[in-house]
Amino acid sequence: MSIDWKKEAENRKDEMLADLKTMLEIESVRDESKGTPEAPLGPGPKEALDKFLEIGKRDGFETLELDGLAGHIEFGEGDETMAMLAHVDVMPAGKGWNTDPFKPVIKDGNLYARGAQDDKGPGMACYYGLKIIKELGLPVSKKVHFILGTDEESQWRGMTHYFEKMPQPDFGFSPDAFFPVINGEKGNVSFFLNFEGSNGGDVELLSFESGLRENMVPRDCEVKLNAKNSEEIIEAFDAYVAGHPVVGTAFMENGTLFLHMIGKAAHAQEPRKGENAGTYMADFLQRFNFGGDAENFVKFTAEYLHKDSRMKNFGIDFTDDVMGDLTMNAGIFSFEAGKGGKITLNFRFPKGMDEKTIEAGLEKVVAPMNVSLEQGSVMVPHYVSPDDPLVSTLLDVYNRQMGTKETGKVVGGGTYGRLMERGVAFGAMFPDTPDTMHQANEYVPVDVLVKACAIYAEAIYELIK
């Protein structure tokens, strides 16, 4: 049987976009302050999970929800289970949008909304790939679980809960990265640096706030200062902003000096794609006379974190021939006079590097600064051989449809694919698709979703027929 997968995907474009827009209208940002027993991570993720499962049930699939944290859409029968793992939660929208981030709109062929690219758009394209197989009545020999998580952007509790309750799939992929195939993912760990809150210099740091999540390059930084030379600082600030890839404003209000700097957000897997407003702010501030813990906070950020995503300033830069560089993202900064400060650093590390080496490098620098160090949970590097039939099949389908000869890739991002021993990431972004994940004005080209859907449909069928 010859199937025109591209035609089948194109025939369902309008229906797919309608379902996707419904999902994008849900502000599914984790908010545990509003959590309930039925919706532990807040109402948004639960609503998005329920809506996606409702779509699956509408289309005749069996569905399962697990305690408001995860669920799946089931298809087929067989001794083996293949899984596709997507997520319905999204990052906070942040500032800088030209449209409402939760009112999806198509402009010039691009669909704009928070989650359009990460991961509701790819997840819906993958779901429609499975739907094509069902609607064509194609014979299959394996069971499929399209699994939905609710906090991939934070601690993965939804998918962790699912894997604790349900049998481990035999193999599968996550539509939450890039084509052709991501068969290697770096390890992931965050460290939290805790500062005391004293001042003591000519300029008092009242507060310093930057960043929304550890896996985002901070776009905004807001600082409050108490300084006698405020006019001098404002003049210097304007000059600094004019000479760097940031914008900013400075003004006085009720005797307090306010500084606001805007950089560029980006995904933490490659901090060089962003402009970190927090580290630029510290780079500017270090020229002034702070004291106590405030000085340590500013100096550490400026001298060690600014423009050093490879940890060269710490002497632990490292590169693996297959998995690439150790990277660091300074994701969240917070300081309040008299109360203390905190800096959150997120690391993506290749095989050959581990969290203990990273901790030792940090400890060596912060030891004289009255700073305590905490470590978050660790995900070790994950790699599936290019010779595995999963990888080779996915590559064959991609290269056949695209007319290319691509090979597998390694990324710094972490996807649900790593939860399976034989798990990879597969699409939905193409090599030439602009990466707007975690950024303001996130979008996905509509034709990318249609092309991805066709690839998913054929790939799923090849793996389960």
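The values are calculated or read from the model by the stated rules, or taken from the named source; none is laboratory data. Everything quoted here is computed from the prediction, not taken from an experiment. Cβ sites come from the backbone with ideal geometry, for glycine too, and all protein chains shown count toward neighbours.
A few points about this structure:
- Some residue of region 63-78 being surrounded by fewer than 24 Cβ atoms within 10 Å (Cβ to Cβ), free of Cβ contacts under 8 Å to residues at least 24 places away in the same chain and under 22 Å from Arg213 (Cα atoms): no
- If the condition is being over 23 Å from Met91 (Cβ atoms) and either more than 34 Å from the chain's Cα centre (by Cα) or in a loop (DSSP other than H, G, I, E, B) (or both), then region 250-275 contributes Met252, Glu253, Asn254, Gly255, Thr256.
- Only listed residue being of a type in the set (Val, Ile, Thr) and assigned by TED's automatic domain parsing to the domain that holds Ser309, chosen from Val181, Val223: Val223
- For region 298-313, the criterion of being within 13 Å of Leu225 (Cβ to Cβ) and outside any strand (DSSP E or B) is met by at least one residue.
- Just one of the numbered conditions (1) outside any helix (DSSP H, G or I); (2) modelled with pLDDT of 95 or more is not true of Ala125: (1).
- Strands (runs of 3 or more DSSP E) completely within region 177-249 that count 2 or more residues being surrounded by 20 or more Cβ atoms within 10 Å (Cβ to Cβ) and touching a Leu at 6+ places or on another chain (Cβ under 9 Å): 187-195, 203-210, 220-227
- Scanning region 287-304 for residues that are within 14 Å of Phe335 (Cβ to Cβ) and either free of Cβ contacts under 8 Å to residues at least 60 places away in the same chain or not assigned by TED's automatic domain parsing to the domain that holds Val217 (or both) turns up Lys299, Thr301, Ala302.
- Members of region 90-122 that are of a type in the set (Phe, Trp, Tyr) and either in a helix (DSSP H, G or I) or crowded, with 20+ Cβ neighbours inside 10 Å (or both): Tyr112
- Matching residues, region 158-176, being of a type in the set (A, V, I, L, M) and in a loop (DSSP other than H, G, I, E, B): Met166
- Subset of region 250-271 [out of contact with any strand residue (DSSP E or B) (no Cβ under 8 Å at 6 or more places or on another chain) and either within 16 Å of Asp435 (Cβ to Cβ) or buried (at least 21 other Cβ atoms within 10 Å of the Cβ) (or both)]: none
- Residue check, Thr99 over 17 Å from the mean Cα position of the chain (by Cα) and either outside the structural domain of Gly413 (by TED's automatic domain parsing) or of a type in the set (Ser, Thr, Tyr) (or both): yes
- Residue ID - surrounded by the fewest Cβ atoms within 10 Å (Cβ to Cβ), chosen from residues in region 134-161 that are touching a Lys or Arg at 6+ places or on another chain (Cβ under 9 Å) and of a type in the set (A, V, I, L, M): Leu138
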